[in-house]
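First up is the structure itself, then whatever we jot down about it.
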Amino acid sequence: MEPTLITVLLVAVVAIIVLSVFFSFFPVMLWISAIASGVRVGIITLVAMRLRRVTPSRIVNPLIKATKAGLGLNINQLESHFLAGGNVDRVVNALIAAQRANIPLEFERAAAIDLAGRDVLQAVQMSVNPRVIETPIVSAVAKDGIEVKVRARVTVRANIDRLVGGAGEETIIARVGEGIVSTNGSSNSHKDVLENPDLISRTVLSKGLDAGTAFEILSIDIADVDVGKNIGAFLQTEQAEADKRIAQAKAEERRAMAVAQEQEMKARVVEMRARVVESESQVPLAMSEALRSGKIGVMDYMNLKNIEADTQMRNTLGKPGEGSNSNDQGDSKNGR
């Protein structure tokens, strides 16, 4: 290979490398597009963006759109918003949409909404085209104890002025559910709710549920109303069952106390019998002592024994079964 050809190839390679490095730091094509679109931006400014780790296309392209729409933005505003972590393209699109819809929206407010984590373009679109939020089935009980299940559709429109610091859709759904529950709970009968579903809408709308939220409630429409369980009867049944258990527990307690008292009385009877037996055991000892001391004689003792024998015989004859048996035994002896 000739030395001249090698030199040409080396020069070409070096030129390609130099041009690649040059165009990586000097976005000439982007600068030409900006100049052609009427956006005055210097090539040094684009190089400075590279040094600040800012992608020039993410700033210049939205700036071209804003200039063509007549928004009057400058490159410093867009670059500062990009460095703060915002979405420049989405903010510019939101400003263009707001301008076309005659909605007053400044760049500072749109940038604040975007940095707050909300989709500013979607908010502008919701201001133009209201959104319908469908609530889950809300269960409420009327005064007659019948459960009423209601599902509502809430038409809301974004409020640009309250997007920063305003509550979201979850708050709207919770407040509408609270209004449905309070309206149904204050109804004397579930039939009133079934006959006039718009009563719920009027009551909920009159409470100003969109206060402090990022939305404005336009209408509340009742999508579905169903009758659920008889909660009043169910609660009464549960109360009756609970009262029954309480009464049974009290009756069982009284029965246990009666059984315990009965056992206690039996124990006292056994104790008294033991005392009687103990007292009777002292009688022979006292009788022996009386005989030894001469307080009674032998004839007195024999008379006492005869009296006891007569008493025992009378008691035996007084019993029907034993008396008949003794008579039979006497007759059999006489027959012999």
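The values are calculated or read from the model by the stated rules, or taken from the named source; none is laboratory data. These figures come from a predicted structure and were not determined experimentally. In this analysis, Cβ positions are derived from the backbone assuming ideal geometry, glycine residues included, and neighbour counts consider all displayed protein chains. With ligands, DNA and RNA removed, areas are computed over all heavy atoms of the protein, side chains included. Shrake-Rupley method; radii C 1.70, N 1.55, O 1.52, S 1.80 Å.
Side notes on the structure shown:
- Only one of G185, G145, G179, G208 that is open to solvent by 20 Å² or more (accessible area, probe 1.4 Å), out of contact with any His (no Cβ under 6 Å at 6 or more places or on another chain), in contact (Cβ under 8 Å) with a residue 12 or more places away in the chain and over 23 Å from D119 (Cα atoms): G185
- Flag for E79 being open to solvent by 50 Å² or more (accessible area, probe 1.4 Å) and modelled with pLDDT of 85 or more: no
- Condition broken by Q239, with the remaining ones in (1) free of Cβ contacts under 8 Å to residues at least 40 places away in the same chain; (2) open to solvent by less than 70 Å² (accessible area, probe 1.4 Å); (3) in a helix (DSSP H, G or I); (4) out of contact with any Ser or Thr (no Cβ under 8 Å at 6 or more places or on another chain) satisfied: (2)
- Number of the exception - N230 against (1) over 21 Å from A123 (Cα atoms); (2) within 22 Å of the chain's Cα centre (by Cα); (3) open to solvent by 50 Å² or more (accessible area, probe 1.4 Å): (2)
- Qualifying positions in the stretch 262-292 - open to solvent by less than 90 Å² (accessible area, probe 1.4 Å) and closer than 19 Å to K305 by Cβ: S281, V283, P284, A286, M287, S288, A290, L291
- Filtered by the rule that a residue be closer than 24 Å to I75 by Cβ, in a helix (DSSP H, G or I) and open to solvent by less than 70 Å² (accessible area, probe 1.4 Å), the stretch 102-134 gives F107, A110, A111, A112, I113, D114, V120, L121, V124.
- Test: I160 is buried (at least 16 other Cβ atoms within 10 Å of the Cβ) and out of contact with any strand residue (DSSP E or B) (no Cβ under 9 Å at 6 or more places or on another chain): yes
- A count restricted to the stretch 188-205 and to residues that are open to solvent by 30 Å² or more (accessible area, probe 1.4 Å) and under 18 Å from V132 (Cα atoms) stands at 3.
- The stretch 96-133, residues that are in contact (Cβ under 8 Å) with a residue 40 or more places away in the chain and of a type in the set (D, E, K, R): R109, R118
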